[in-house]
1. Would you check which residues across region 12-70 are closer than 21 Å to residue 129 by Cα, among the charged types (D, E, K, R) and in contact with a strand residue (DSSP E or B) (Cβ under 8 Å, 6 or more places away or on another chain) and list them?
2. Within the group 230, 192, which residue is under 24 Å from residue 160 (Cα atoms) and either in a helix (DSSP H, G or I) or at pLDDT below 95 (or both)?
3. Only one of 11, 57, 117 is more than 13 Å from the chain's Cα centre (by Cα), hydrophobic (A, V, I, L, M, F, W, C), surrounded by fewer than 21 Cβ atoms within 10 Å (Cβ to Cβ) and within 24 Å of residue 235 (Cα to Cα). Can you tell me which?
4. Mind checking which residues of region 222-245 are of a type in the set (S, T, N, Q) and buried (at least 24 other Cβ atoms within 10 Å of the Cβ)?
5. Regarding residue 200, is this residue of a type in the set (Lys, Arg), surrounded by 14 or more Cβ atoms within 10 Å (Cβ to Cβ) and under 16 Å from residue 111 (Cβ atoms)?
6. Between a residue in region 254-278 that is farther than 18 Å from residue 131 by Cα and of a type in the set (Phe, Trp, Tyr) and any residue that is surrounded by fewer than 20 Cβ atoms within 10 Å (Cβ to Cβ) and modelled with pLDDT of 95 or more, which pairs come within a Cβ distance under 8 Å, given they are 6 or more apart or on different chains?
7. Across region 166-182, what is the total count of residues that are surrounded by 14 or more Cβ atoms within 10 Å (Cβ to Cβ), of a type outside the set (S, T, N, Q) and not in a helix (DSSP H, G or I)?
8. Within 17 Å of residue 261 (Cβ to Cβ) and part of a helix (DSSP H, G or I), is that true of residue 210?
Amino acid sequence: MNPKQQSSLGALQFKSIDGLQIRFVTNDRKSGDPILLLSPLPESILAFLPTWDSFSALGPVIAMDLPAFGLSESRAGVRSPEGLGEFVMRIVDSFGLDRPHVVAPDVGTPACLFAAANHPGVFKSMVIGSGATDHTDIGGILDKLVNAPSLEPYKALTGEQFVRGALENMTKYKLPDHALQDYLTCYEGARFWDAIDFIRAYPQSLPRLAKRLPEIVTPCQIIVGRHDPFVPVSNAEGLHKELPKNNLSVLDCGHFVWEDAAAEYARLACDFITGGYAKF
């Protein structure tokens, strides 16, 4: 792996965390509450291109490709929501983050909810959403890959087909060519199936998570798209009902709310990080 790559976020670097090479970018600011941005599927940290400046204006920001997603390495033990939640703790420790605000859309949502349940107080606040928390209430290709008895019917599916198919739901944001190429590279070959291993764990993991939701006292801002074909708003409504401290915001877009409604997403997230969380 090239230790440094350039993007409009800055230098993309790799750091060894718990034996895995993890790709990240930081704004190198020192003052203010730390903010941890975690990559969604089927994208990477470049998903934060349209919101980076907003988050970066608040204080120290680290954006991270989670194991099995983006260009970070993975192993079997982290390819489940619980396992990934524990790895997020390794990230927090590795960077010396003191109660960061975490922005964890998509696959980061169930992982960070497990982390918050198992490690109360580790996050100051969470911005979550567009990630399945009920595997019986999902749609499209996500439903097929999560709930199919066997992946045999999908063995010819490639990462490129999956990425391009999912991104068809992005209708407002003009994805830069270099970001698209990054996404395609991230899910080439076996890397795609490593990512699928994570979501295939949902039927076992998410019912356990559902029982833990009332325990999670971390303030949460839930942001989702009204027209998400993969993770319906009803998933977020379930979180809204069960999490003790949360706001729910539903924006007029599809799945990729952090890009297709970037300005509103950034405003809601930043307002929550800079004080909204403290109202709970």
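The values are calculated or read from the model by the stated rules, or taken from the named source; none is laboratory data. In this text, all values refer to a predicted model and were calculated from it rather than measured experimentally. FYI the Cβ positions are ideal-geometry reconstructions off the backbone, even for glycines, and counts take in every protein chain you see.
1. 65
2. Working: 230 fails: either in a helix (DSSP H, G or I) or at pLDDT below 95 (or both).
Answer to the selection: 192.
3. On the way: 11 fails: within 24 Å of residue 235 (Cα to Cα); 57 fails: within 24 Å of residue 235 (Cα to Cα).
The conditions single out 117.
4. Filtering region 222-245 down to residues of a type in the set (S, T, N, Q) leaves 234-235.
Within region 222-245, 235 is the sole residue that qualifies.
5. On the way: of a type in the set (Lys, Arg): yes; surrounded by 14 or more Cβ atoms within 10 Å (Cβ to Cβ): yes; under 16 Å from residue 111 (Cβ atoms): yes.
The answer is yes for residue 200.
6. Close Cβ pairs (under 8 Å, with a partner that is surrounded by fewer than 20 Cβ atoms within 10 Å (Cβ to Cβ) and modelled with pLDDT of 95 or more) amount to 272/247; 277/124.
7. Residues in region 166-182 being surrounded by 14 or more Cβ atoms within 10 Å (Cβ to Cβ), of a type outside the set (S, T, N, Q) and not in a helix (DSSP H, G or I): 4 in total.
8. Details: within 17 Å of residue 261 (Cβ to Cβ): no; part of a helix (DSSP H, G or I): yes.
Taking the combined requirement at face value, the residue does not satisfy it.
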